[in-house]
Amino acid sequence: MIYKKYQGQKLSNLGMGCMRLPVVGGADGAVDQSAVEEMVACAMERGVNYYDTAWGYHGGHSETAIGTALSAYPRETFYLADKFPGYDLSNMDKAAEIFEAQLKKCRVEYFDFYLFHNVCEMNIDAYLDPKYGILDYLLEQKKKGRIRHLGFSCHGAMPVLKRFLEAYGAHMEFCQLQLNYVDWRFQGGKEKVELLERYHIPVWVMEPLRGGRLARLSEKELAMLQALRPERSAPAWAFRFLQSIPGVTVILSGMSDLEQMKDNLETFETEEPLSDGEQKAVLALGEEMTNSKALACTACRYCTAHCPQGLDIPHLLALYNEHRFTGGGFIAPMALSAIPADKRPGACVGCRSCEAVCPQQLKISEAMAEFSAML
């Protein structure tokens, strides 16, 4: 197992994400406890010491499942991460109540790592609102030793990340980002990593395989990469790309069965960053994957001055591209929830004034109608 140094500790480069645990009968809340314990036993034997759970994973059952599995091991042999569930605004005044419940569910007296969960457009105002006192409460728990390291995860766009760091950056010890060779450019991952570097905040990676999409490359896509290294699997290409990024400490993988775990463990037995040529190849593939489904908006903003509804068309098209590439998901709806109803895609009246001045000749009105239908 590859280990990374972090504040005098050695963290396994591969962490077990507990968002996609094995379940019984396809029901998300029916976690297969015996399968989880088998996976944890394998992970511990092969050197994984980092485990990441959250309040809402598996309908609230992930914390209990991983806590039960880890209770068989000495507390000093693993690092456990949990999160304050600010993705649900009704939780904002319940920091103490939820934190105490999480400790009980996980069967621990402290969390090694604790995060503000999913800082994004929808909740940034509430997270920074002093009336909730979330930061103060978590810093108090840190003083008491019940939180060893405080950080945050972020699905928001760059303005959200900047705003959170300007307010709380001095207290943050790590940041968990959606990062992979698609999102390096598609979601501005490169710029986000560079911003975190300026704050001296190391990166934890979530969604390294983009919800499994990068593990399921088409024959044509995989051939583009295997022309350079025939023996390397699709997931290994994604993980090796992340090993190439300075500042990446822990790479979380939501493994849903033992075979996936064993395959990933083999990759993390050796550190093998991509060569310059290999990096160019995976980034080119990532761009090809997104360009095949995305509208090539350059954000020149000629369109916005001609929209009678005052829509931020480039921003909406960026969310459209995300939603279309992902085939759904939560990121676009989450971001749209922070936008007034009369500024969302459904407010487009189809007048095509924007299209008349678009240098790319994009069919914007059709995209807005499709986006509304998808939502």
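The values are calculated or read from the model by the stated rules, or taken from the named source; none is laboratory data. A quick note: this is a predicted structure, and the numbers were derived from the prediction, not measured. Positions of Cβ are backbone-derived with ideal geometry, glycine not excepted, and every protein chain shown enters the neighbour counts. Surface accessibility is based on the protein's heavy atoms, side chains included, excluding ligands, DNA and RNA. Shrake-Rupley method; radii C 1.70, N 1.55, O 1.52, S 1.80 Å.
Considered as a group, the residues in segment 212-238 that are under 18 Å from SER256 (Cβ atoms) and surrounded by fewer than 16 Cβ atoms within 10 Å (Cβ to Cβ) include one that is modelled with the lowest pLDDT, and that residue is GLY212. Residues that are farther than 17 Å from ALA81 by Cα and not acidic (Asp, Glu) within segment 110-134 comprise CYS120, MET122, ASN123, ILE124, ALA126, TYR127, LEU128, PRO130, LYS131, TYR132, GLY133, ILE134, listed in sequence order. The set of residues in segment 97-145 that are closer than 17 Å to THR64 by Cβ and among the hydrophobic types (A, V, I, L, M, F, W, C) comprises ILE98, PHE99, ALA101, LEU103, CYS106, VAL108, PHE111. Scanning segment 248-270 for any residue that is in contact with an Asp or Glu (Cβ under 6 Å, 6 or more places away or on another chain) and more than 16 Å from VAL48 (Cβ to Cβ) turns up nothing. Restricting LYS144, LYS131, LYS105 to those that are open to solvent by 70 Å² or more (accessible area, probe 1.4 Å) and closer than 30 Å to PRO74 by Cα reduces the list to LYS144. Go through segment 78-98 residue by residue and tally those that are outside any loop (DSSP other than H, G, I, E, B), surrounded by fewer than 20 Cβ atoms within 10 Å (Cβ to Cβ) and modelled with pLDDT of 95 or more. Going through segment 78-98 one residue at a time, the tally reaches 3.
The residues of segment 28-76 that are among the small types (Gly, Ala, Ser), open to solvent by 10 Å² or more (accessible area, probe 1.4 Å) and either more than 22 Å from the chain's Cα centre (by Cα) or at pLDDT 95 or above (or both), listed by number, are ALA30, SER34, ALA35, ALA41, GLY47, SER71, ALA72.
Out of the residues in segment 317-375 that are touching a Ser or Thr at 6+ places or on another chain (Cβ under 7 Å) and open to solvent by 70 Å² or more (accessible area, probe 1.4 Å), state the one that is modelled with the lowest pLDDT. Checked segment 317-375; the qualifying residue modelled with the lowest pLDDT is GLN360. Quick one: is GLY156 surrounded by fewer than 19 Cβ atoms within 10 Å (Cβ to Cβ) and of a type outside the set (S, T, N, Q)? It is false that GLY156 is surrounded by fewer than 19 Cβ atoms within 10 Å (Cβ to Cβ) and of a type outside the set (S, T, N, Q). Within segment 130-145, residues that are part of a loop (DSSP other than H, G, I, E, B) sit with their Cβ atoms under 7 Å from residues that are open to solvent by 20 Å² or more (accessible area, probe 1.4 Å) and of a type in the set (Asp, Glu), at 6+ positions apart or across chains, in these pairs: TYR132/ASP93.
This table checks each residue for (1) under 17 Å from the mean Cα position of the chain (by Cα); (2) part of a loop (DSSP other than H, G, I, E, B).
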position: PHE164; (1), (2): yes, no
position: VAL193; (1), (2): yes, no
position: GLU221; (1), (2): no, no
position: MET224; (1), (2): no, no
position: LEU228; (1), (2): no, yes
position: LEU242; (1), (2): yes, no
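Picking from residues in segment 295-316 that are open to solvent by less than 20 Å² (accessible area, probe 1.4 Å) and in a loop (DSSP other than H, G, I, E, B), the one that is farthest from GLU355 (Cα to Cα) is LEU311. Within segment 75-91, residues that are farther than 10 Å from HIS117 by Cβ and touching a residue at least 60 places away in the same chain (Cβ under 8 Å) sit with their Cβ atoms under 7 Å from residues that are of a type outside the set (Ser, Thr, Tyr) and outside any strand (DSSP E or B), at 6+ positions apart or across chains, in these pairs: TYR79/ASN49.
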